[in-house]
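The values are calculated or read from the model by the stated rules, or taken from the named source; none is laboratory data. Note that the coordinates shown come from a computational prediction; the quantities given were computed from them, not determined experimentally. Methodologically, a virtual Cβ is constructed for each residue, glycine included, from the backbone with ideal geometry; neighbour enumeration extends over all protein chains shown. For accessibility, only protein heavy atoms count, side chains too; no ligands or nucleic acids. Shrake-Rupley method; radii C 1.70, N 1.55, O 1.52, S 1.80 Å.
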Amino acid sequence: RSRYNLSDGRSSGIEEVLLGRVQVVESLALSVAEFPDRTALATHEGEFSYSELYSVVGGIQGGLKSLEGSSKPLIGVMTGDDHRTYASILAILASGAGYVPISRTYPASRVQQILDQAEIRCVLTSGSVSSLEQAAQSSSSQVEVLDVQALRGGRAEAEFEARSKDDIAYVFFTSGSTGKPKGVPITFRNLDAFFRVLLEGEEYRFSPDDRFLQMFSLTFDLSVMSLFTPLAIGGCCCVVPDSGIAWLQIVETLRAQNVTVSLMVPSVLGYLERYFDEIRLPDIRHSMFCGEALAQSMVAGWSKCVPNASIRNVYGPTEATIFCSSYDWSEEDSAQQAYQGVVPIGSMYPGMEARLLGPDGAEVPAGEQGELVISGEQVMTGYFQDEERTAEAFIELAEGDSARSFYRTGDLCFHNERGDLVYCGRLDSQVKVQGHRVELGEIEHFARQHVGHSFVAAVLPKAGAAAESIALFVQGEAKDLEGLETLLAERLPSYMVPREIRAIEEMPLNLNGKIDRLALRQRLE
């Protein structure tokens, strides 16, 4: 069949989905047939069963078909924390298109850049967004805006179009150094490779009873795992509300929704550290971290909060489909495996290959640091309609008598004695100060030890690879800095000791929950 009509009660074939023989989008279709009455989505509005959610999906899909130009391969969706926004993503995929998430917080100029660059002619939104309206009017092409809140009735069920593995599932636009956002297109081939590991392997054994935390902005690709994994197996996606204090909402969602699978950015633990003695989450089976370096001291404290969970540090750039390596944390020996207080990123997923290259492009000897380059089915083939950036990001390396394309991550790593990849920092965080090579992560390591938390950041006053001095920001009060400069002077060469150390009331974070180093640098100007 070329279409999967969810009204026919089809329930066979779910085993094929779990074995990875059917595309991800088909597994989304099969779940509603298999589990119509189970809860698919929990938001601040309430809980929605699979049949209720996919009824909304069908209505939005009907609205898409009525719009001129709706057959365009990419359709925008404005981010939100309500069920209609999530249904919009599913409706786009069901309609044979790929989705492009656009944050409601983006200024109109940024929204317009994305609309024009991706040639988007239709955007779905749940409620009006002034930046979208301005951007749509200013766009070089006519853009139709569909407010899905206004849809009433229509099709009672969704119909999923058959898809090719080379079709684009989504395009995420990330920041670019030139001011022009980079489009990262992920195909179903990439996505299927990722989900084969998650759903076929022995590590997780997810089930329809699992309830997944969804704490990410929909413009952050970790949201794909938090949304699609539960919906592919008949589980529940538990969405953290956008309102209120973010980390408090995360804890409340973990507790109130009896979450069993949590994927979080390590920054969340920085807010929770002071409450570790009070937090107990026995329902969590899998606690996963991704997006930035994971401090060993934090995860050791967190492990007491999730006594029944396996804890994993997972790693991967957006260009390699969500994450592509994993390290199993253990209380017994992970402290010895940590580098500068940071947990390793482990081994690559099946079908993925990693190499470490020196500045000359040759592989580095065992145990030495090099730039991590990766290849495999999870890696995109290139940036969206951007040959120049694609050429800069990929390198051809010999493989026998032929060559293979590898993506340059920009991350510094080495292999430890166990063969695990150990993350050392970014190439752009390995800077030169007064002619000396410096890893900013080493300064941050000693600062974390002194202040007892992870919200520290060493930055150069100006962007670039060379500088005369370093600045260090520490979340807290001036009294928290007492003795810090003395400690750093005892542990580090003089050229590595920050010339300026500032206490900051609250560390700025970007939309992905990572420390916003650009915002910190701007405070120095």
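Report the residue count in segment 356-388 for those that are open to solvent by less than 30 Å² (accessible area, probe 1.4 Å) and among the charged types (D, E, K, R).
Here the count works out to 2.
Being surrounded by fewer than 22 Cβ atoms within 10 Å (Cβ to Cβ) and under 19 Å from the mean Cα position of the chain (by Cα) is the filter here, so list the residues in segment 236-250 that pass it. Talk me through it step by step, then tell me what you get.
Initially, segment 236-250 is screened for residues surrounded by fewer than 22 Cβ atoms within 10 Å (Cβ to Cβ), giving 241-250.
Selection gives 241, 242, 246, 247, 249, 250.
Scan segment 79-93 and tell me whether some residue there is over 22 Å from residue 222 (Cβ atoms), in a loop (DSSP other than H, G, I, E, B), open to solvent by 10 Å² or more (accessible area, probe 1.4 Å) and modelled with pLDDT of 90 or more. Outline the logic, then answer.
Within segment 79-93, the first condition is being over 22 Å from residue 222 (Cβ atoms), and the residues that meet it are none.
No, the conditions are met nowhere in segment 79-93.
Examine segment 256-263 for a residue that is free of Cβ contacts under 8 Å to residues at least 24 places away in the same chain and on the phi < 0 side of the Ramachandran plot, and state whether such a residue exists.
Applying the first criterion (free of Cβ contacts under 8 Å to residues at least 24 places away in the same chain) to segment 256-263 yields 256.
So of that shortlist, the ones also on the phi < 0 side of the Ramachandran plot come out as 256.
Yes.
So that you can scan it fast, the table gives a plain yes or no per residue for (1) part of a helix (DSSP H, G or I); (2) in contact with a strand residue (DSSP E or B) (Cβ under 6 Å, 6 or more places away or on another chain); (3) farther than 28 Å from residue 205 by Cα; (4) modelled with pLDDT under 70:
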{"residue": "1", "(1), (2), (3), (4)": "no, no, yes, yes"}
{"residue": "27", "(1), (2), (3), (4)": "yes, no, no, no"}
{"residue": "30", "(1), (2), (3), (4)": "yes, no, no, no"}
{"residue": "36", "(1), (2), (3), (4)": "no, no, no, no"}
{"residue": "68", "(1), (2), (3), (4)": "no, no, yes, yes"}
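Does at least one position in segment 338-347 carry a residue that is modelled with pLDDT of 95 or more and open to solvent by 20 Å² or more (accessible area, probe 1.4 Å)?
yes
Would you be able to tell me the number of residues in segment 380-392 that are among the aliphatic types (A, V, I, L, M) and over 19 Å from the mean Cα position of the chain (by Cα)? Write out each step before concluding.
Initial filter on segment 380-392 (among the aliphatic types (A, V, I, L, M)): 380, 391.
When the remaining residues are screened for being over 19 Å from the mean Cα position of the chain (by Cα), the result is 391.
Residues that pass the stated criteria total 1.
Report, by residue number, each residue of segment 287-303 that is open to solvent by 10 Å² or more (accessible area, probe 1.4 Å) and either in contact with a strand residue (DSSP E or B) (Cβ under 8 Å, 6 or more places away or on another chain) or on the phi > 0 side of the Ramachandran plot (or both).
In the first step, residues of segment 287-303 are kept if they are open to solvent by 10 Å² or more (accessible area, probe 1.4 Å); the result is 291-293, 296-297, 300-301, 303.
Scanning segment 287-303 gives 291, 292, 293, 296, 303.
Note down all Cβ pairs under 7 Å where the first residue falls in segment 235-250 and is within 20 Å of residue 84 (Cβ to Cβ), the second is in a loop (DSSP other than H, G, I, E, B) and β-branched (Val, Ile, Thr), and they're at least six residues apart or on different chains.
Matching pairs, first to second residue: 238/259; 249/240.
Report, by residue number, each residue of segment 242-268 that is modelled with pLDDT under 95 and part of a loop (DSSP other than H, G, I, E, B).
242, 243, 244, 245, 265, 266
Can you find even one residue in segment 269-284 that is in a helix (DSSP H, G or I), basic (Lys, Arg) and open to solvent by 10 Å² or more (accessible area, probe 1.4 Å)? Outline the logic, then answer.
Applying the first criterion (in a helix (DSSP H, G or I)) to segment 269-284 yields 269-275.
This time we only want the ones that are basic (Lys, Arg), so: 274.
Within this subset, residues satisfying the condition of being open to solvent by 10 Å² or more (accessible area, probe 1.4 Å) are 274.
Looking through segment 269-284, at least one residue is in a helix (DSSP H, G or I), basic (Lys, Arg) and open to solvent by 10 Å² or more (accessible area, probe 1.4 Å).
If only one of 216, 172 is buried (at least 20 other Cβ atoms within 10 Å of the Cβ), modelled with pLDDT of 90 or more, under 18 Å from the mean Cα position of the chain (by Cα) and not in a strand (DSSP E or B), which one is it? Explain how you work it out, then say what you get.
On the way: 172 fails: not in a strand (DSSP E or B).
Exactly one residue qualifies, and that residue is 216.
Condition first: open to solvent by 10 Å² or more (accessible area, probe 1.4 Å) and assigned to a helix (DSSP H, G or I). Now tell me which residues in segment 109-129 satisfy that.
109, 110, 112, 113, 116, 117 - these are the residues of segment 109-129 that are open to solvent by 10 Å² or more (accessible area, probe 1.4 Å) and assigned to a helix (DSSP H, G or I).
Restricting to segment 136-153, count the residues that are touching a Lys or Arg at 6+ places or on another chain (Cβ under 8 Å) and under 22 Å from residue 81 (Cβ atoms).
Step one: filter segment 136-153 for residues touching a Lys or Arg at 6+ places or on another chain (Cβ under 8 Å), giving 141-144, 148-149.
Retained after the next criterion (residues that are under 22 Å from residue 81 (Cβ atoms)): 148-149.
The number of residues fulfilling the criteria is 2.
Sort through 399, 388, 368, 332 and tell me the only one that's more than 16 Å from residue 289 (Cβ to Cβ) and in contact with a strand residue (DSSP E or B) (Cβ under 8 Å, 6 or more places away or on another chain).
Working: 399 fails: in contact with a strand residue (DSSP E or B) (Cβ under 8 Å, 6 or more places away or on another chain); 388 fails: in contact with a strand residue (DSSP E or B) (Cβ under 8 Å, 6 or more places away or on another chain); 332 fails: in contact with a strand residue (DSSP E or B) (Cβ under 8 Å, 6 or more places away or on another chain).
Exactly one of 399, 388, 368, 332 is more than 16 Å from residue 289 (Cβ to Cβ) and in contact with a strand residue (DSSP E or B) (Cβ under 8 Å, 6 or more places away or on another chain), namely 368.
Give just the number: which of (1) open to solvent by less than 30 Å² (accessible area, probe 1.4 Å); (2) free of Cβ contacts under 8 Å to residues at least 12 places away in the same chain does residue 324 not satisfy?
Unmet for residue 324, out of (1) open to solvent by less than 30 Å² (accessible area, probe 1.4 Å); (2) free of Cβ contacts under 8 Å to residues at least 12 places away in the same chain: (2).
Restricting attention to segment 492-525, and to residues there that are part of a loop (DSSP other than H, G, I, E, B) and open to solvent by 90 Å² or more (accessible area, probe 1.4 Å), which single residue is nearest to residue 221 (Cα to Cα)? First the steps, then the outcome.
Step one: list which residues in segment 492-525 are part of a loop (DSSP other than H, G, I, E, B), which gives 492-493, 497-499, 505-508, 510-514, 516, 524-525.
Next, only the ones that are open to solvent by 90 Å² or more (accessible area, probe 1.4 Å) stay: 499, 505-506, 525.
Numbers: 499: 37, 505: 29, 506: 25, 525: 32 Å.
Applying the filter and picking the extreme gives 506.
Of the conditions (1) polar (S, T, N, Q); (2) at pLDDT below 90; (3) open to solvent by 40 Å² or more (accessible area, probe 1.4 Å); (4) under 22 Å from the mean Cα position of the chain (by Cα), residue 434 satisfies every one except a single condition; which number is it?
Result: residue 434 fails condition (4) only.
Go through (1) in contact with a Cys (Cβ under 7 Å, 6 or more places away or on another chain); (2) over 27 Å from residue 303 (Cβ atoms) one by one and return the number of the condition residue 405 breaks.
(1)
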